[in-house]
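Note sheet for the following structure.
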Amino acid sequence: MHYRALSRILPFAFAGAVGFIVDASVLYMSVDLLGPIFGRGLSWCCAVLVTWLINRRLAFADRAASEDLHVEFFRYMVAMVPGGFTNWIGYGLALALVPAGDWQLLIATAVGSLAGMLTNLVMASYVAFSS
């Protein structure tokens, strides 16, 4: 594996960890109003925004756009969709399999996030921050 690719993994994982905290926090704050599906849609969008902000400064600083941030963010959001689908499948399976309780949403969010992480790294590298 190329050195540059390896040097992106730790900052990308950091962004993912912060994104997970945002994702779970927004989900827990919105689930009573929006339910576990629409609440997760909102929380996922918030996590994508936060991970873009971190990744463009850390993991992909050498490839971040110096102009037209709207285009870069749109490209990043679109690039995260395949990982988002993987994330949602893991989330849905975990919701179905993990007994209801205080930890169910957190566990389901973690399962989904881990399921989508590799896809997101590849898509961020080759689509969102391609040079």
Q: Show the residue pairs that are 6+ apart or on different chains and have beta-carbon atoms under 9 Å apart, the first residue being within region 23-46 and free of Cβ contacts under 8 Å to residues at least 24 places away in the same chain, the second being assigned to a helix (DSSP H, G or I) and of a type in the set (Asp, Glu).
A: Gly39/Asp32
Q: Check off (1) at pLDDT 95 or above; (2) under 20 Å from Leu93 (Cα atoms); (3) surrounded by fewer than 18 Cβ atoms within 10 Å (Cβ to Cβ) for Ser43 and give me the number that stays unchecked.
A: (3)
Q) Restricting the search to region 45-67, which residues are hydroxyl-bearing (Ser, Thr, Tyr) and not in a helix (DSSP H, G or I)? A) Ser66
Q.
Is it the case, given these coordinates, that Phe74 is more than 10 Å from the chain's Cα centre (by Cα), under 16 Å from Ser130 (Cβ atoms) and surrounded by 15 or more Cβ atoms within 10 Å (Cβ to Cβ)?
A. no
Q. Only one residue in Gly90, Gly83 is assigned to a helix (DSSP H, G or I), within 18 Å of Ala17 (Cβ to Cβ), without any contact (Cβ under 8 Å) to a residue 40 or more places away in the chain and of a type outside the set (A, V, I, L, M). Which one?
A. Gly90
**Q.** Of all residues making up region 68-80, the number that are assigned to a loop (DSSP other than H, G, I, E, B), closer than 24 Å to Leu114 by Cβ and either among the acidic types (Asp, Glu) or touching a Cys at 6+ places or on another chain (Cβ under 9 Å) (or both)
**A.** 0
Q | Residues of region 95-113 satisfying the condition of being more than 20 Å from Cys45 (Cβ to Cβ) and either among the hydrophobic types (A, V, I, L, M, F, W, C) or part of a helix (DSSP H, G or I) (or both) | A | Ala96, Leu97, Val98, Ala100, Trp103, Gln104, Ile107
Q: Output the number of residues of region 114-125 satisfying the condition of being over 11 Å from the mean Cα position of the chain (by Cα) and either part of a loop (DSSP other than H, G, I, E, B) or touching a residue at least 40 places away in the same chain (Cβ under 8 Å) (or both).
A: 2
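The values are calculated or read from the model by the stated rules, or taken from the named source; none is laboratory data. Bear in mind the structure is a predicted one, so any value in this text is a computation, not a measurement. With ideal geometry, Cβ positions are generated from the backbone for all residues, glycine too; neighbour counts draw on all protein chains shown.
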